[in-house]
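In what follows, a structure is listed as structure tokens, so that the remarks can point back to it.
The values are calculated or read from the model by the stated rules, or taken from the named source; none is laboratory data. Every value quoted in this text rests on a predicted model; they were computed, and no experiment measured them. In this analysis, Cβ positions are derived from the backbone assuming ideal geometry, glycine residues included, and neighbour counts consider all displayed protein chains.
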């Protein structure tokens, strides 16, 4: 039997954020979630667990580039692509729909 994988809806904000700021993840409800931040090669550059409907992922140590934010909760999963622009003075995160 193949188990159906459901989407886990989430929102990324704010746009733009400071390079020393956080990528804000907003979920409809608070439950245990695993977060993977992956580069374009699929390598996990950050892994965090949280139990909240609102979470800030520190992006201070992340280089500029394209990344994938994947959230997993039970059999629900969702991945979003973002462009992170980081500089000495400011950084921006742009969802890439």
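Across the stretch 57-72, what is the total count of residues that are farther than 12 Å from residue 12 by Cβ, at pLDDT below 90 and touching a strand residue (DSSP E or B) at 6+ places or on another chain (Cβ under 7 Å)?
The qualifying residues number 6.
Looking for something modelled with pLDDT under 90 and assigned to a loop (DSSP other than H, G, I, E, B) - is there at least one such residue anywhere in the stretch 31-49?
yes
Can you pull out the residues in the stretch 58-73 that are within 15 Å of residue 24 (Cα to Cα) and assigned to a strand (DSSP E or B)?
58, 67, 68, 69, 70, 71
When you scan the stretch 32-41, how many residues do you find that are touching a residue at least 24 places away in the same chain (Cβ under 8 Å), over 12 Å from residue 81 (Cα atoms) and more than 12 Å from the chain's Cα centre (by Cα)?
Selection size over the stretch 32-41: 1.
Which of (1) in contact with a strand residue (DSSP E or B) (Cβ under 6 Å, 6 or more places away or on another chain); (2) at pLDDT below 85 does residue 3 not meet, given it meets every other one?
(1)
Which condition breaks for residue 54 when tested against (1) loosely packed, with under 13 Cβ neighbours inside 10 Å; (2) over 14 Å from residue 10 (Cα atoms); (3) touching a residue at least 24 places away in the same chain (Cβ under 8 Å)?
All conditions are met except number (2).
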